[in-house]
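Report on one structure; see the data block that follows.
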Amino acid sequence: MRPFLFSATMLLVAHSNVYATEALSISGDGYTIQILIGYDDNPVVAQVLFTPPGATDWISLARNLLHVEKFDMKKSILIIHFSNKNNPDLPGSFSLSVKKTKAVLSISGKEIKSEFNWDI
């Protein structure tokens with residue numbers, strides 16, 4: 001999995017002015033979301049990787065399907081929405097809301113609560 005993350009990070013850096021250097025992640029109820037953080041003038045969400053329950057490979061979520069509503073590392077707030085209309089190769093639409101150390105992943109009619117660590 002590490003070679004894939006490195007490749008994904010290098011691909012992102014090659015195609016943008018944002019430099020992904022850190023990652024935050026959340027796991028709960030079999031779901032794992034890895035959020036690669038990039039730095040321009042301020043930290044930004046550079047890429048989101050998703051693993052559904054039972055899967056071993058990451059799915060890279062297309063930026064045009066992601067809406068980062070709020071990302072503030074100083075206040076420890078992150079709100080992301082992923083919208084999947086009809087692509088069976090991608091996860092269903094979901095929202096991730098993080099405030100301080102509490103995270104809620106809303107997916108498939110479930111709310112999965114988890115702890116969140118902002119240390120990167």
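A 1.4 Å probe, protein heavy atoms only, puts the accessible area of ILE120 near 80 Å².
Under the combined filter of DSSP loop state and at most 14 neighbouring Cβ atoms within 10 Å, the range 58-120 retains these chymotrypsin sites (Phe, Trp or Tyr not before Pro): TRP118. Cross-link pairs exceeding 20 Å in C-alpha to C-alpha distance, out of LYS85/LYS113; LYS74/LYS110; LYS70/LYS99, comprise LYS85/LYS113; LYS74/LYS110.
Report D for the range 45-93 in µm² per second (integer): Stokes-Einstein, Kirkwood Rh on Cα pairs, 25 °C, 0.890 mPa s. Rounded, D is 204 µm²/s.
The values are calculated or read from the model by the stated rules, or taken from the named source; none is laboratory data. All values derive from a computational prediction rather than experimental measurement. Quick reminder, even Gly has a Cβ in these numbers, built from the backbone with ideal geometry, and neighbours come from all protein chains shown. Heavy atoms of the whole protein, side chains included, go into the accessibility calculation; ligands, DNA and RNA do not. Shrake-Rupley method; radii C 1.70, N 1.55, O 1.52, S 1.80 Å.
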